[in-house]
Amino acid sequence: MSSLPADERTHRHSQGEGAHRDGRHPHVDPLAARRAPGDPPWDVYLTGTVFLDVVFTGLDSAPVRGTESWARGMGSSPGGVANMATALARLGLRTSLAAAFGDDHYGDYCWDALAHGEGIDLTPSRTVPGWHSPVTVSMAYEGERTMVSHGHEPPPEEPAPDCPPRARAAVASLTPGAPAPWIAQAAAKGTRVFADVGWDDTGAWDLAGLTDLAHCEAFLPNAEEAMRYTGADCPRAAAHALTAHVPLAVVTLGAEGAYAVDRRTGESAEVPAIAVEALDPTGAGDVFVAGFVTGTLAGWPLADRLAFAGLTAALSVQEFGGSLSAPGWSEIATWWRKVRSLTDQDPLALRRYAFLAALVPDEPARPWPLRRAVPTIGFRRPA
């Protein structure tokens, strides 16, 4: 495990004014050297379900039947696919999201937070009349979490756009036995598709059921998922086995970090995790994927991509909520300056993140007031 410490706690139906245009994001553009006339309008396209997340932290243990538990902390924020979208936008990627939003106050809040707060393009999204927002309550304790969710599928007459917009990349969550036509459409347009996957409740763990994997450039399961899908007895062997199905396999190893294999170049890389005391792990996996996508689109070496993804995930778990815990470049720059200032720093561990020196300013940037999860929503704004 790396010896580097994580940083200490440091209008509805219109298209949102992009934060890239109004100046709230720092000036760091990780893709600046690769931008050219004729590029796709978006760096990343996403589609999925937006939840309203209510997160309780500081619980001494899991809730016990028949008792009342008090949490020492609480936060509310957009969740679900909003976790990934926000993480990408805060890293400077031009992000477009297609999602259904509830016709309620929760939906209003999530729309505003994503469109106006984060500069995410919601042109492909829609409000569903009479449909309430899905909600997840997450309880964090002892580094673990328990979640309870409620929601309904949006009405079938409210489909996601059939044709995804042009984008450099897309992030897709694969479902066994349920191909999503937009993935093949996006890949046919030259979009690089990065895929993750959830737990297979059927117990089949059959890669043949993940038919959309054939259209993907990268697959990013966790260690348990990778071993179950491949039958390998260790996650590193599983990563190599997955490259028979997808060019790039990235397997997250929890506290051990992450391991990746690129079939096209024959390169492999492993980077240890950064030790951190987690306040709330909600959305950390999404932030990891966002960091890896950012590094890939920027053309970084494989090990740098893994290191950056792990760093962004480590910074995210020190804040409440999934989406609004995602770090921006200000937090990354603060962490980089701090670890270089420590006199007892491991030089080898420091060199692992030396690529950040070319990305973040040496001097503190103008603070960017990132939105953070708050205990409640709907407070009236001061006049």
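Structural remarks
- Total residues in the range 161-207, condition open to solvent by 40 Å² or more (accessible area, probe 1.4 Å) and hydrophobic (A, V, I, L, M, F, W, C): 5
- In the range 136-159, the residue that is modelled with the highest pLDDT out of those that are buried (at least 17 other Cβ atoms within 10 Å of the Cβ) and touching a Ser or Thr at 6+ places or on another chain (Cβ under 7 Å) is THR136.
- Cβ-Cβ contacts under 6 Å between residues 6 or more apart (or on different chains), taken from a first residue in the range 30-44 that is at negative phi and of a type in the set (D, E, K, R) to a second residue that is part of a loop (DSSP other than H, G, I, E, B) and surrounded by 17 or more Cβ atoms within 10 Å (Cβ to Cβ), are listed as ASP43/LEU93; ASP43/ARG94.
- For the range 65-72, the condition holds for no residue, the condition being that it is open to solvent by less than 10 Å² (accessible area, probe 1.4 Å) and either in contact with a Leu (Cβ under 9 Å, 6 or more places away or on another chain) or not aromatic (Phe, Trp, Tyr) (or both).
- Qualifying residue in the range 125-145 (condition: in a helix (DSSP H, G or I) and among the aliphatic types (A, V, I, L, M)): no
- Filter pass, ALA255 being aliphatic (A, V, I, L, M), open to solvent by 10 Å² or more (accessible area, probe 1.4 Å) and in a helix (DSSP H, G or I): yes
The values are calculated or read from the model by the stated rules, or taken from the named source; none is laboratory data. In this text, all values refer to a predicted model and were calculated from it rather than measured experimentally. Backbone-built Cβ (ideal geometry, glycine too); neighbour counts: all protein chains shown. Quick note on the areas: whole protein, heavy atoms, side chains included, nothing else; ligands and nucleic acids left out. Shrake-Rupley method; radii C 1.70, N 1.55, O 1.52, S 1.80 Å.
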